[in-house]
Amino acid sequence: MSEQQGTAQQALTRRITGIETEFGITLTLNGSRRLGPDEIARYMFRPVIAKYGATNIFTPNAGRLYLDVGSHPEFATAECDSVSQLVAHDRAGEVILDRLAVTAEAALADEGIGGKLYLLKNNVDTVGNSYGCHENYLVGRELGLKSLSKLLLPFLVTRQLICGAGKIFLPYPTSPYHNDPVQYCFSQRADHVWEGVSSATTRSRPIINTRDEPHADSNRFRRLHVIVGDSNMSETTTALKIGSTQLVLEMIEAGVELPDFEVANEIKSIRAVSRDMTGRAEIPLRDGGTATALEIQYAFLTAAKKWLEVREETTDNADKGISGAGTPNAEMARIVELWERTLTAVDSGDWSLIERDIDWAIKYSLIKRYLDRGLTLENPKLAQIDLAYHDIRPGRGIFRALEARGAVSRWITDADIEAAVDRAPQTTRAKLRGDFLAAAHCEAAHAAGLKTVVDWTHLKIAGDNPQSVMLGDPFATDNSEVTEMIATLSEGSQEG
Ligand SMILES: Nc1ncnc2c1ncn2[C@@H]1O[C@H](COP(=O)(O)OP(=O)(O)OP(=O)(O)O)[C@@H](O)[C@H]1O
Ligand SMILES: [Mg+2]
């Protein structure tokens, strides 16, 4: 019996999720002047500062756009409650940032600096810095973080097989792995995590970050912050990353019996898994035994397939206010199919099975063409492909070009992405924020000089008669106080 069975609770098949992505930024110059990343980022954020007076803002689609330490522009999606909605908002973030980059290039050209601005949705630069792609999953408070992590960690250590972004590992002088051989790996991020579970994000980057900031009513909810994943270019890979993790969370919540694969040393293992493209290296377990990455992933997949047979499509937990549809079973079935196909590809060594669907395999199929012509992995041409794959600019980035000519599979459509650029998810708290932001920037509110303050849980109108509301329930899309505040803004009057 699994240790959860006594405390089994309802699985959140409707779950709040969000993705934060930090982007690499670089400018190649035609001219001579070199700009540092912070200078480039400042050019990029000029229109944001002009409009909002800040570099940390909420966008019209209720996401958050900001400049993080180290000058990596970051976009955090609004709260979503289904996989395809989240994929659309993740892609919308790229569109928002790319538009800023295009404007910045024009400004740089005007000022005689010129150059091409590259935004890279990857996780490592050439000198060994890493920047992240964080996943946020709402879980109930009842679920102890310790027992949750225990069951989740083996899945996360091996998840790179199904959603890594792929990387040519090239040793660099200050790298702790500078003696390791050059080789193709599953993951960008695996070499840059240093702990299993901890509260640090940068100093000793863990797999799961325990900082307790639920952005919700802390009596009811926890925000599970997974910071080990690679940033994905491919929509299908993002969908598999998020969907498979959600299925595992649902099973943990429901008390489904999951095999005990507690890994003895997560950090050693995550790096070994990244370098073992066969999926067959033995991972030492805490109980003294071993298991391979493939065995662990197959075990979770098998459990997920069974779970899908009984998974209730809608969460009906009215007293908690968490009812309604999340990710439909049909969408989860697509996820499970892709999960299985990916493991089969690793198992059989026939990576062509997923060369349209999974980032590491898509990227490798490009690299392989050069290897077949006699180039070696050390060749700078291949490092260039490894980088340009992640360039988000349509018509320039390698992945974008593949997508434009239909050479990779899609999870959503261009119309879904375009809609998500300006519109908040309509099924979560983000809707309230989106409506509030639209009112905050309307002419009447501007004319009346009404100032607003927004974060994930608060909406506020400052001024003589300040109004504010705390939105502790990220599932709720209605709130009478917000309706009143929107009226204040739309009428441009704070009276009464
Ligand atoms: N209750 C919640 N449960 C799960 N995810 C949430 C919840 N509330 C907000 N989110 C998501 O969490 C993410 C928060 O992004 P943000 O970049 O602000 O993260 P942070 O970890 O709080 O801050 P920082 O990156 O500055 O350290 C967003 O994608 C958002 O949609
Ligand atoms: Mg963040």
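See the values below:
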item	result
Lysines whose Cα lies under 24 Å from that of Lys268, excluding same-chain neighbours fewer than 8 positions away	Lys146, Lys150, Lys167, Lys241
Simple spin-label estimate for Met470 and Arg373 in nanometres, 7 Å along Cα-Cβ	6.2
At R0 = 60 Å, FRET efficiency that the Cβ-Cβ distance of Arg99 and Arg286 yields, to 0.05	0.80
Mean Kyte hydropathy of -1.0 or more with a Cα span along the axis of at least 24 Å, helices from DSSP in the chain	83-110, 235-254, 293-310, 329-348
At R0 = 45 Å, FRET efficiency that the Cβ-Cβ distance of Glu484 and Arg405 yields, to 0.05	0.35
Segments 16-27, 249-260 sorted - mean Cβ within 10 Å per residue, highest first	16-27, 249-260
Relative contact order, percent, the stretch 355-459 [alpha-carbon distance under 8 Å, six or more residues apart]	14
Over the stretch 5-416, relative contact order from alpha-carbon pairs under 8 Å, at least 6 apart, %	20
Formal net charge of residues neighbouring Asp180 (Cβ-Cβ distance under 10 Å; K, R +1; D, E -1)	+1
Cβ-derived FRET efficiency at R0 56 Å, Val127 paired with Glu337, nearest 0.05	0.90
Zero-based 10 Å bins, Cα pair distances in the stretch 109-192, whole percents	13, 33, 27, 18, 7, 2
Gain on full stretching of the segment that runs from Glu312 to Asp212 - 0.36 nm per residue minus C-alpha separation	33.1 nm
Local electrostatic count at Val263 - Lys and Arg +1, Asp and Glu -1, tallied over other residues with Cβ under 15 Å	-3
Cβ-based net charge around Phe155, under 13 Å, with every Lys or Arg adding one and every Asp or Glu removing one	-3
Gln384 paired with Glu195, simple spin-label distance in nm, labels 7 Å along Cα-to-beta-carbon	4.1
√(5λ) per eigenvalue of the Cα gyration tensor, the chain, largest first, Å	36, 31, 19
Within the chain, helix-based [θ] at 222 nm, where runs of 4 or more DSSP H residues each add -39,500 (n - 2.57), nearest 500	-12500 deg cm²/dmol
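Taken together, the values in this text are just the output of simple stated rules run on the coordinates, not laboratory data. It should be emphasised that the depicted structure is a prediction, and the values quoted were computed from it without experimental measurement. Glycine gets a Cβ as well: all are built from the backbone with ideal geometry, and neighbour counts include every protein chain shown.
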